[in-house]
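The structure under discussion appears below in the form of structure tokens.
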Amino acid sequence: MVDRATSIHEWCLSRTPPSEADFFATFVDQSGLYILEEGPTWDFKQEWPFSYSDSYFGGIARLICAFANTWGGVIIFGVHDERRTGGSNKVLINLDRFRQAFQQLTGSSPDLETKRYSKTENDGIVALFVRPRPVTSRPLRFLTPISSYPAQAIWMRSGHEVVQANPTNYPVLFCRAGNPLDEVNSQDVQGSLPPSPSTLKRFVGRLEVIDKLFVWLHSSDEPRTFLFGKGGSGKTSIAYEFAKLIRNSGAEIPVYGGRMVDTVIFLSAKEKALVTASSQIEDISDPDFTDEVSLHRKILLYGRWMLDEAEVEKLSHAELKAEIRNFFDVSTCLLIVDDVDTLTTKGIDAGFDFLYKVLSRTDSGSKILYTLRNAPSHSLLNSIEVPGLASGGDYETFVSACAAQFGVQEPKPEFRGGPLASLSERRPLVIESIIALVRTAGSYKRAAELFQQHAGADVREYVFVREWDALPADGLTRLLLIALSEIGHSANFKDLETVLQAEATQVQDAIGAVREMFLQIEGTGDEASYSLAQLTKQFVNTQKTSVARYDILKARIKSFKRYIHTASPQVAHVTLQVERLLPPRSSEHLKENAQTAWSIVNDSTLPASVTEEPIFQSVKGYVASCMVPPRITDAREAFSYASKMGYDPEYQYLKAWFAAEKANGQLEGGMDVVADTVIKGKRYTLFEKAFMAGKKAAALYFRGRERFYTDTVDAEKDLQEALRLHLFVYKINIDEGHHWSSSTFEFAKNTAFSLFNVPFQTPAPWDVIEVMINSVKQEGTYADPLQTPITETLAKIVSVSTRPDLAHKYRNKLKPLEGVVIHDAKWTDVAARERVLENLRAADAALANKTKLSR
């Protein structure tokens, strides 16, 4: 096996296909049959793909990507799976058409070559040789999904399997280290790296960022780039892993211009470090450098340009610069300058311009990578952002790695996708700290509570305080953050202008100063809205009382939240009178108070400037809803007028209207209108939207159940909309970490059971599959509650398929469901998705067996 893997690798590198004698000696055993096993550089297929758009072609394309991304390899077409003889390919081979289809799928043209081999006239095979991609090209990947294979996944060959690339594959993927059978490679580069800054023993994911760094290294003429991201997002760990890859495996990687890296230097300006095991900040007493001069000295020492530290210390600033020029003229260096904004936030010059000019004028091809928190405004086009960990991949893997590192059980999916994601903002450093707390807290719930209290104080300070301190103490930026914290939900530009009482240009400048480190932004331009994520909000809340003018801003926001839409003092006066009589947070009111309030809003002396105000009409609708019995028609007319005028009524007013409509038994034209007003409104919080959506869903569910035996069409419509709303509510509760998530999970699951049962009461029971597909692929939802209903419905489909033609029909209709489950649905628990897929494939096999038995 050693000789076979090495030989094939050498064939691919030499660009010379083997002779027939060598080929058959490699792949045919003593009995004259093709060998059974497949390996790191070879694979057998029975036929060339007939279609260039189906799953079989997708599998072949994935295999080519894996071979090209690893060591190269050969795919042998025409070998029968069981007999192990040649001559089984009946498909006409058109390599040009195959290349074109592959290029459309991947945007790449791999180095492919075919050659035919045969021992006799009827046992011919075709060998497709896939050569390793050049080290200076990006790894091959699909640009669009095909069948069950996702877009943007990077595939590698590991033994006889095709796997998605992970950090253990990075030396081969990016550096072409060793050969297929090397356990240790010696392609190291001279360099100076400190101990790993990471708490975790293994590096997790971040493939997209590493990929961009290697593209910059060997394909960009820019001598420097900036790796930026929020505090705790993993910039230092990524930069260190990148440097380690070059240091340990990068001797054969050419930088832009063709030269190889001579040395790797990693220097850090960090003055503080967060120990995640204890969630405490520790001072770093001796950072690598503290200014431009000390940075230059360390470059000369760690680059081994000068070995006597005392001699380096004697050099003047001008002499240091001259030596730096000489060093970069001769040496091709990868220099990592970590946490440089430790200096820039203090106003200390880190020597950006000098080093950039030196590298721009030298032919050595040296490169500098800076890590910093704030986006480099002077070089945005030449920078790489490090986001939080992505859900559905790196995030879940990182959480598992943290749990293993700290010796605690992994969190349940609902905690991982809810409170943990919300509290940490998916920042690796914060995730580590919260999971580390579990060791002493005893549970994830308790750890989350402690983190929000004192235990997370150092973490929040480490992540934010440096940037907070850099903001002007008497400026608008801190007040803007406090305003968003006090408002409690997203606010648009006009809202911020109002509460800050500032000019548009001032607000714009303040947003620009804090957007990278503190803000969450949705939309663009006039439609943009701004908010604070939970971790950020907790930090701002600890700082706000020490900010000048906070008390004034707090009072202004309280007034803003109540009367932002009030156009006149008279309207405000009426509103206050009504709310004293009918407090909005009370669910029941005295009949006489309601009658008095009704007299106030129907006062004939009120001018049109009051009665035509939408906020007045919403107050009138509220009073009508509180009457005993409710004045339903008046309430509808008043709220309808307010909505048509573009005003979103107070949430508590709408709750009263909903209760009145429910008491009146009106869903259509009543409860649904109220619920939709909240769900679609801009001023309502996510929990308010979730509450009203859940109320509407419950009403639809019960009506759908009542219609189940009388009108299956209407029953299905009601239950489908109820399920959509329940899944919508479930997603909100998971994302926000609310304890209602478990109950909404059950509501959605039970509704799905009822919905999936409807088609079985009709002449077309197979329509249940389309119902399942539509339920799974709904946007803005998580599909986890559908796992059990889908699984039991699949079992029911198999059981009711008593005839071969029915089994065949069900099987055909089930085919698209797998792709929808993989590509269209969003899952908080990857294991739930895999269980659905497992049951789906089992159902397909059972149906296929019923079809075969009929023959």
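The values are calculated or read from the model by the stated rules, or taken from the named source; none is laboratory data. Note that the structure is predicted; figures quoted are calculated from it, not measured. For neighbour counting, all protein chains shown are included, and Cβ atoms are generated from backbone atoms with ideal geometry for every residue, glycine included. Side chains included, ligands, DNA and RNA excluded: accessible areas come from the protein's heavy atoms. Shrake-Rupley method; radii C 1.70, N 1.55, O 1.52, S 1.80 Å.
Can you list, largest first and rounded to whole Å, the semi-axes you get for region 699-758 by taking the square root of 5 times each eigenvalue of its Cα gyration tensor? If you can, show how the numbers build up before the last one.
On the way: eigenvalues 119, 15, 12 Å².
Ellipsoid semi-axes (Å, largest first): 24, 9, 8.
In order along region 628-640, the phi-based Karplus estimate (6.51 cos²θ - 1.76 cosθ + 1.60, θ = phi - 60°) of 3J(HN,Hα) comes to 10, x, x, 8, 4, 4, 5, 4, 4, 5, 5, 5, 4 Hz; Gly and Pro are listed as x.
Mind checking the dipole of the chain: about its Cα centre, +1 per Lys or Arg Cβ, -1 per Asp or Glu Cβ, Debye to the nearest 20?
Details: 97 positive and 107 negative charges, 358 e Å.
With only Lys, Arg, Asp and Glu charged at Cβ, the dipole is about 1720 debye.
Here region 46-88 is scanned for amide nitrogen atoms under 14 Å from the site 7 Å beyond the Cα of Leu36 along Cα-to-Cβ, giving 81-85.
Placing unit charges on each Cβ (+1 for Lys and Arg, -1 for Asp and Glu) gives the chain a dipole about its Cα centre, and among Gly257, Leu837, Gln506 the Cα reaching farthest toward its positive end belongs to Leu837. Projected over all directions and averaged, the alpha-carbon convex hull of region 329-400 occupies 7.0 nm².
For the pair Gln595 and Val830, label points projected 7 Å from Cα toward Cβ lie 6.7 nm apart. Here the extension length gained between Glu770 and His160 equals 215.9 nm, from 0.36 nm per residue of separation less the Cα-Cα distance.
Annotation note: chymotrypsin sites (Phe, Trp or Tyr not before Pro) in region 617-723 located in DSSP loop regions with a Cβ neighbour count of at most 14 within 10 Å are Tyr709.
Once you order the gyration tensor axes a ≥ b ≥ c over the Cα atoms, which shape class does region 607-651 get: rounded for a/c under 1.5, otherwise prolate or oblate by comparing a/b with b/c? Intermediate values should be presented prior to the final figure.
On the way: a/c = 2.04, a/b = 1.55, b/c = 1.32.
Taking the square roots of the gyration eigenvalues as a ≥ b ≥ c, region 607-651 is prolate.
Farthest towards the positive end of the charge dipole of the chain, among the residues Gln409, Pro649, Gly392, is the Cα of Pro649, using unit charges on the Cβ of Lys, Arg, Asp and Glu. For region 1-138, what % of the accessible area comes from carbon and sulfur atoms, probe 1.4 Å? Carbon and sulfur: 47 percent of the exposed surface of region 1-138. The ratio of the alpha-carbon radius of gyration of region 292-368 to the globular-protein estimate 2.2 N^0.38 Å is 1.07.
Taken over region 16-55, the convex hull of the Cα atoms encloses 130 Å³ per residue. Residues within the reach of a label modelled at Gln570 (point 7 angstrom out along Cα to beta-carbon, backbone nitrogen below 19 Å), restricted to region 623-661, are 642. Applied to region 491-500, the Karplus parametrisation 6.51 cos²θ - 1.76 cosθ + 1.60 on θ = phi - 60° returns per-residue 3J(HN,Hα) values of 10, 8, 4, 4, 4, 5, 4, 5, 6, 8 Hz, with x for Gly and Pro. A straight chain from Asn94 to Asp22 at 0.36 nm per residue would run longer than the Cα-Cα distance by 23.4 nm.
Apply 1/(1 + (r/R0)^6) to the Cβ-Cβ distance of Ala151 and Ser51, taking R0 = 22 Å, and write down the FRET efficiency to the nearest 0.05.
Working: r = 19 Å, r/R0 = 0.87.
Working from the Cβ atoms, E equals 0.70.
With N counted as the residues of region 153-255, its alpha-carbon radius of gyration over 2.2 N^0.38 Å works out to 1.10.
Put simply, the Cα atoms of region 446-513 extend 43, 25, 16 Å along their principal axes, the longest span coming first. Report relative contact order for the chain in percent, whole number only (criteria: Cα-Cα under 8 Å, sequence separation at least 6). Reported relative contact order: 7 percent.
One Cα centroid belongs to region 392-415, the other to region 688-759; the line between them spans 30 Å.
Averaging over all projection directions, find the projected area of the Cα convex hull of the chain and quote it in nm² with one decimal place. Show your work: numbers first, answer last.
On the way: hull surface 177.7 nm².
Its Cα hull, projected and averaged over all orientations, spans 44.4 nm².
Per-residue extension of 0.36 nm, minus the Cα-Cα distance of Gln280 and His808, leaves a gain of 183.8 nm for this segment.
Give a residue-ordered list of calculated ³J(HN,Hα) values for region 742-747 (Karplus: 6.51 cos²θ - 1.76 cosθ + 1.60, θ = phi - 60°; whole Hz; x for Gly, Pro). Along region 742-747, the couplings run 5, 6, 5, 4, 5, 4 Hz. Our helix-only sum for the chain, with -39,500 (n - 2.57) per DSSP H run of n ≥ 4 divided by its residues, gives a mean residue ellipticity at 222 nm of -16000 deg cm²/dmol. The residues of region 1-98 expose, per residue, 45 Å² of accessible area to a 1.4 Å probe. Close amide H partners of Arg224, meaning residues 5 or more places away or on another chain with modelled amide H under 5 Å apart, are Ile368.
Please give the per residue accessible area of region 793-848, computed with a probe of 1.4 Å over protein heavy atoms only, in Å². Walk me through the numbers before you get to the answer.
Details: 2640 Å² over 56 residues.
Heavy-atom SASA per residue in region 793-848 reads 47 Å².
Could you work out the relative contact order of region 718-826? I mean the mean sequence separation of Cα pairs under 8 Å and 6+ apart, divided by the number of residues, in percent. Walk me through the intermediate numbers first.
Numbers: 100 pairs, mean separation 33.0, N = 109.
So the answer I get is 30 percent.
When Met692, Met645 are compared by accessible surface with a 1.4 Å probe, the order from highest to lowest is Met645, Met692.
Heavy atoms only, probe 1.4 Å: what % of the accessible area of region 503-649 goes to carbon and sulfur, would you let me know?
The value for region 503-649 is 48 percent carbon and sulfur by accessible area.
Rolling a 1.4 angstrom probe over the protein heavy atoms, how many square angstrom per residue are accessible across region 651-791? Walk me through the intermediate numbers first.
Working: 5890 Å² over 141 residues.
With all protein chains present, region 651-791 gives 42 Å² per residue.
Residues whose amide H falls under 5 Å from that of Lys272, counting only those 5 or more places apart or on a different chain, are Ile284, with hydrogens built in the peptide plane.
Of all DSSP beta bridges in the chain, what percent run antiparallel (nearest 5)? List each step's numbers first, then the result.
Working: 28 of 53 bridges.
Just about 55 percent of them are antiparallel.
Expressed in units of 2.2 N^0.38 Å, where N is the residue count, the Cα radius of gyration of region 718-854 is 1.06. Accessible area of region 652-704 with a 1.4 Å probe: how many percent of it is carbon plus sulfur? About 58 percent, which is the carbon plus sulfur part of the accessible surface.
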